[in-house]
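Written below as structure tokens is the structure these notes are about.
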Amino acid sequence: MTENRSTFLVALGSNLENEGTTPLATMQTCLTEFRKEGFELSAISRFFATPCFPAGAGPDYVNAAVVLTGDLSASDALAALHRIEGHFRRTRTERWGMRTLDLDLLAVDQQVRPDRETFEYWQTLPAERQRKDSPDQLILPHPRIQDRAFVLVPLADVARDWVHPALGLSVGQMLAACPATERAEVAAL
């Protein structure tokens, strides 16, 4: 193991067929792509059925989470995830739109990027602005982890004890703070 090796937490989601392939099959197939991009797949959660977010925006999702390791920088890891999405015909036409494959870089080790002030701006952005505004740079950890049961339930399968470097809460604690109704909507397949 090299000293540059990082741990990456990644959320997976899909709610559109990809040339006749179901969202679940797309996500299962994409797991083989991580090694091609320089990652080692350390852990994978169960697959979950989750309501579309935001509500009514399309078919329901299949979600999961993985722990990856590798010698990539955060920016290189994000680029690699985007290449994998492209391989599965992901298009970026609408914020929070439907997708054949969504790979969200949730965290890299204990990094807060680009800095705490910028992270806090995006983390506290009011809900009505979240749909319209998107950052033009990588923000880590993902500013919405703590708000989304569809991310936290799968992430708890593989990284329950990971502690958010800015919030000081573990995945398990953030999940427990999510409304019970939202947690109940995330059902294992």
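The values are calculated or read from the model by the stated rules, or taken from the named source; none is laboratory data. Keep in mind that this is a model prediction, so the values were computed, not measured. Note that we place each Cβ from the backbone using ideal geometry, even for glycine, and neighbour counts take in every protein chain shown. These area figures cover heavy atoms from the full protein model, side chains too; ligands, DNA and RNA do not enter into them. Shrake-Rupley method; radii C 1.70, N 1.55, O 1.52, S 1.80 Å.
Worth pointing out:
- Of all residues making up region 24-55, the number that are closer than 14 Å to Asp71 by Cα, charged (D, E, K, R) and surrounded by 15 or more Cβ atoms within 10 Å (Cβ to Cβ): 1
- Some residue of region 168-186 being closer than 30 Å to Thr26 by Cα, outside any helix (DSSP H, G or I) and either open to solvent by 70 Å² or more (accessible area, probe 1.4 Å) or aliphatic (A, V, I, L, M) (or both): yes
- Condition met for Glu37 (among the acidic types (Asp, Glu) and over 16 Å from the mean Cα position of the chain (by Cα)): yes
- When Thr91, Thr69 are checked against the criterion of being modelled with pLDDT of 90 or more and either of a type in the set (Asp, Glu) or within 25 Å of Phe39 (Cβ to Cβ) (or both), a single residue qualifies: Thr69.
- Given (1) assigned to a strand (DSSP E or B); (2) open to solvent by less than 60 Å² (accessible area, probe 1.4 Å), index of the condition Leu16 fails: (1)
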